[in-house]
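Right, one structure below, let's go through it.
Where a number appears in this text, it was derived from the coordinates with a stated rule and is not lab data. The shown structure was predicted, so the numbers you read here are calculated from the model rather than taken from an experiment. Every residue, glycine among them, receives a Cβ derived from its backbone with ideal geometry; neighbour counts consider all protein chains shown.
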Amino acid sequence: MRIGIEAQRLYRPNKHGMEIVVLEIIKQLQHIDLENEYFIYVKKDTDVCLKSTANFTIREIGGKSFAWWEQISLPKAAKKDNCQLLHCTSNTAPIYTKIPILLTLHDIIYLEKSYLSIIKGKGSFYQRYGNLYRKFIVPRIINKCYRIITVSFSEKKIIENYFKLNNLTLDVIYNAVDKRFEHTENTKELLKQLNINKPFILFHGNTDPKKNTANVFKAISLFKQKYSIEIDFVITDLKIKTIKKIAKETDTIDILGQINAIGYISTEKLPLLYSSCELFLYPSLRESFGLPVLEAMSCKAPVITSKVSSMPEIAGNAALLIDPENPEELADGIAKILTDINLKNELIEKGLKNVSRFSWENASKETLKLYKESFAKI
């Protein structure tokens, strides 16, 4: 079987959820499948994180834009390589191709009216363009796919209800956590590099409205007003300029003295950061999975996340669940964990047990099984 895997952004240096997922799946497939022939399609970039092996060929293909690469360059390259199945891993796929498609549809957030009302006019240009592209492509390719994978039962139900999928098979394959994510005490050098010299709470900042940064800022302000607890808030990804802008918009300028903006943190350094934080915040408004929840738990960080969307499914009973649209509830949750050592230790213990439910090895085996089942029907 000749299998093509779309991994357009795999080589970009600042990886996020979807790139991490496809990288881990491919790495595992390289170990467990020495029989089938694979062609991994990527766009040239600076982080060459995956190399060709005997039956895995990395193809760097060009394209003027994301859309051009996917709609023109990808199907052309897959056809040239005589692929018998094309696995598109990042929500979208070529509209015009005769090659059978297996699609990983992580979510359909960009199609939901409730979410669209939240993000109207917000987010970066790249995020708005991406949402518009997915909104156009996904309804046009959904019924052309031989099989669809999504990442949680919560998302599966949403997709099935939205598209009224009666005959199309929709499979759930959970994401997992790389083995590098484990607790370590050797964090002094990184903390020194990042100028972190106080106990801190960790939050992954993002301009995407679903990440709920505005309500997190409001919660920090309320926390500061209500509780006399000395602690900093370390925020990744966001620049100081963006943080000041959000603080001004949310009337939370008072919190700037407690915020330490450290920029993008690589996957290699993230375990050190999780291991040294007092608490990890992930109160998103909407997620299809929520991989950082498991990353933090693997490193013995207690977690606060949302009681909506997929997060209760993924966090299980191992996190403090709050209403993400209630900043006061988040502020009180932060104080509760910081002042109750028994609760903190309980969440850490349950978190480690919860993470064991998820495995990249299992995810890759289930993916390979779907390849074989799909190929048998072609």
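Miscellaneous remarks
- The calculated FRET efficiency for residue 45 paired with residue 161, based on their beta-carbon distance and R0 = 35 Å, is about 0.45.
- Extension gain, residue 268 back to residue 68 (0.36 nm per residue minus Cα-Cα distance, nm): 68.8 nm
- For the pair residue 328 and residue 1, label points projected 7 Å from Cα toward Cβ lie 5.5 nm apart.
- Residues whose placed amide H lies under 5 Å from that of residue 171, excluding near-sequence neighbours: 148, 149, 150
- Sites residue 249 and residue 12, calculated FRET efficiency, Cβ-Cβ separation with R0 41 Å, nearest 0.05: 0.90
- Segment 295-359 and segment 24-64 have Cα centres spaced 35 Å apart.
- Remark: segment 39-53, residue by residue, has Karplus-estimated 3J(HN,Hα) of 10, 9, 9, 10, 9, 4, 7, 8, 9, 7, 8, 9, 10, 5, 10 Hz, where x stands for each Gly or Pro and the curve is 6.51 cos²θ - 1.76 cosθ + 1.60 at θ = phi - 60°.
- Relative contact order of the chain, taken over Cα pairs closer than 8 Å and 6 or more residues apart, is 16 percent.
- Model label zone, residue 226; criterion: amide N under 15 Å from point 7 Å along Cα-to-beta-carbon; scope segment 321-341: 321-340
- Spatially proximal aspartates and glutamates relative to residue 245 (Cα-Cα < 18 Å; intrachain offsets below 8 disregarded): 208, 237, 254
- If you wrap the tightest convex hull around every Cα atom of the chain and split its volume per residue, you get 135 Å³.
- Point-charge dipole on Cβ atoms (K/R +1, D/E -1) for the chain, about Cα centre, debye to 20: 1400 debye
- Once C-alpha pairs closer than 8 Å and six or more residues apart are averaged by separation and normalised to the residue number of segment 188-355, the relative contact order reads 24 percent.
- Modelled label positions at residue 376 and residue 168, each set 7 Å beyond Cα in the direction of Cβ, lie 2.3 nm from each other.
- The H on the amide N of residue 4, modeled in the peptide plane, is under 5 Å from the matching H of 39, 84, 85, 86, 87, each at least 5 residues off or on a different chain.
- Equivalent ellipsoid semi-axes, segment 239-378, via Cα gyration tensor eigenvalues times 5, rooted, Å: 32, 19, 16
- Per-residue ³J(HN,Hα) for segment 252-261, Karplus 6.51 cos²θ - 1.76 cosθ + 1.60, θ = phi - 60°, Hz, x for Gly and Pro: 10, 4, 4, 8, 4, x, 9, 9, 10, 8
- For segment 155-287, a simple Cβ point-charge model (Lys and Arg +1, Asp and Glu -1, everything else neutral) yields a dipole of about 400 debye relative to the Cα centre.
- Annotation: extensible slack from residue 55 through residue 82 equals 8.3 nm (criterion: 0.36 nm per residue apart, minus Cα-Cα distance).
- Charge dipole (the chain, unit charges on Cβ, about Cα centre) - positive-most of 326, 303, 95: 95
- Distances between placed amide hydrogens fall under 5 Å for residue 233 paired with 201, 259, 260, all partners being 5 or more residues away or on another chain.
- Over the chain, dividing the summed -39,500 (n - 2.57) contributions of all DSSP H runs of at least 4 residues by the number of residues returns a 222 nm mean residue ellipticity of -12500 deg cm²/dmol.
- Cross-link pairs 144/179; 51/372; 192/241; 226/300 - those with Cα-Cα distance over 31 Å: 144/179
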